[in-house]
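Structure, as structure tokens:
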Amino acid sequence: MIRYFFIVNPIAANGRTKRVWTRLNNILKNCAIDYQFAFTKQAGDAILLARHALQCGYNRIIAVGGDGTLNEVVNAFFEHDVNIFRNAALGVLNSGTGGDFCRTIALHRNPVKALPGLLNASPHYVDVGSISYVDFQGKTKTRYFINIADAGIGAATAHRVNKTSKFLGGFLSFLQAAVYTIFTYNPKHIKVTVDEKTLTSGNPSIVVVANGRYFAGGMHVAPEARLDDAQLDIIYVNNRSRIQLLHCLAMVYRGKHINHPCVLTHKGHNITLESTDKVLLEAEGEVLGFLPAKFSIIPKALQVIY
């Protein structure tokens, strides 16, 4: 028996999600399904709500909000790099600023239009990334991600966006913040190790570790990434002049930056980013803390409905 639990972040998308949920809930009332829902009130609530729903036997956990809400729900499934609820599946109805994971799985970004397909779709096993990092209190923590993590300009941009109301929407909010960050960010030294071999070491503008393909409100940063290939994609952008970085930024939206001379790409299973500087780290639009960070891929670890 399929039992749905919807976890709703009412303040996502500058408060628009609460209004969207009213419409979704009215539709669900007329569907012959077993469902319940709960609102998040603060950061971390989606993890607790999803874990409780899973323990109560709900086997379809749907994140209604942005990529940050989705990330928390993903983390509810895992302990010590193991999915302890493998018979359950994750779904997403995008109602946030970025909606980047939905782009990767080609899910309609309008949650009302996406709902019928979600209720009729089948689960697919996808890979999940694991990150060991240093949080803002200096403690080593583990976080799981389904889409993309990065250090450098991307994390600094996410930090800036998260301090705004995001009233411009995903594309413009991230674009405006990215342009500002390009002109103010001072690249830090980062050493990149992939599967125990040094890939490169220098002062990059950004290092992306990707399971999905899109981030930052629609940037096609990892066009060759696949959700089920048991690998993580690394995109390393060397520091260049600000004008060159702006040109590269324009290419990223079309996924055409991969062959740019300042871009290095690679694939691997275990990745380490190290720095003697304080370098911000983000995953799924949420700033987690600082490097050093160790990434690993957990193959076909989670069922996702799409």
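The values are calculated or read from the model by the stated rules, or taken from the named source; none is laboratory data. Remember, it's a predicted structure, so these values are computed and weren't measured experimentally. Neighbour counts are summed over all protein chains in view; Cβ atoms, including those assigned to glycine, are modelled from backbone coordinates with ideal geometry.
What about residue 134, is it on the phi < 0 side of the Ramachandran plot and outside the structural domain of residue 271 (by TED's automatic domain parsing)?
When the stated conditions are applied, residue 134 does not pass them.
Within the stretch 40-58, which residues are in a loop (DSSP other than H, G, I, E, B) and more than 19 Å from the chain's Cα centre (by Cα)?
41, 56, 57, 58
Within the stretch 42-56, which residues are closer than 12 Å to residue 68 by Cα and hydrophobic (A, V, I, L, M, F, W, C)?
Scanning the stretch 42-56 gives 43, 46, 47.
Quick check: anything in the stretch 190-204 crowded, with 24+ Cβ neighbours inside 10 Å, touching a residue at least 12 places away in the same chain (Cβ under 8 Å) and part of a loop (DSSP other than H, G, I, E, B)?
Checking the stretch 190-204: at least one residue is crowded, with 24+ Cβ neighbours inside 10 Å, touching a residue at least 12 places away in the same chain (Cβ under 8 Å) and part of a loop (DSSP other than H, G, I, E, B).
When the residues of the stretch 10-36 are filtered to those that are touching a Lys or Arg at 6+ places or on another chain (Cβ under 9 Å) and within 21 Å of residue 109 (Cβ to Cβ), which remaining residue is surrounded by the most Cβ atoms within 10 Å (Cβ to Cβ)?
Looking at residues that are touching a Lys or Arg at 6+ places or on another chain (Cβ under 9 Å) and within 21 Å of residue 109 (Cβ to Cβ), I get 12.
Restricting to the stretch 274-289, count the residues that are closer than 13 Å to residue 151 by Cβ and touching a Gly at 6+ places or on another chain (Cβ under 9 Å).
Qualifying residue count for the region: 6.
I'd like to check which strands (runs of 3 or more DSSP E) are fully inside the stretch 211-306 and have at least 1 residues that are of a type in the set (Asp, Glu).
On the way: elements: 232-237, 263-268, 270-274, 280-283, 286-305.
Of the strands (runs of 3 or more DSSP E) lying wholly inside the stretch 211-306, those with at least 1 residues that are of a type in the set (Asp, Glu) span 232-237, 270-274, 280-283, 286-305.
Please find, among 65, 57, the residue that is surrounded by 24 or more Cβ atoms within 10 Å (Cβ to Cβ) and at positive phi.
On the way: 57 fails: surrounded by 24 or more Cβ atoms within 10 Å (Cβ to Cβ).
One residue alone meets the criteria, 65.
With the structure loaded, tell me whether residue 135 is surrounded by 15 or more Cβ atoms within 10 Å (Cβ to Cβ) and more than 23 Å from residue 37 (Cβ to Cβ) or whether it fails that test.
When the stated conditions are applied, residue 135 does not pass them.
Quick check on this structure: which one of 252, 279 is modelled with pLDDT under 95 and under 30 Å from residue 65 (Cα atoms)?
252
Give just the number: which of (1) over 20 Å from residue 74 (Cα atoms); (2) charged (D, E, K, R); (3) in contact with a Lys or Arg (Cβ under 9 Å, 6 or more places away or on another chain) does residue 242 not satisfy?
The single condition residue 242 does not satisfy is (3).
Residues of the stretch 63-116 being within 16 Å of residue 298 (Cα to Cα) and either assigned to a helix (DSSP H, G or I) or at pLDDT below 95 (or both), which ones?
Result: 71, 74, 75, 76.
Condition first: surrounded by fewer than 17 Cβ atoms within 10 Å (Cβ to Cβ) and in contact (Cβ under 8 Å) with a residue 60 or more places away in the chain. Now tell me which residues in the stretch 221-265 satisfy that.
Within the stretch 221-265, 228, 229, 230, 242, 246 qualify.
If residue 20 satisfies every condition in (1) among the aliphatic types (A, V, I, L, M); (2) out of contact with any Gly (no Cβ under 8 Å at 6 or more places or on another chain); (3) under 14 Å from residue 73 (Cβ atoms) but one, which is the exception?
(3)
Anything in the stretch 118-148 that is farther than 18 Å from residue 286 by Cα and touching a residue at least 24 places away in the same chain (Cβ under 8 Å)? List them, or say none.
118, 119, 121, 122, 123, 124, 125, 126, 127
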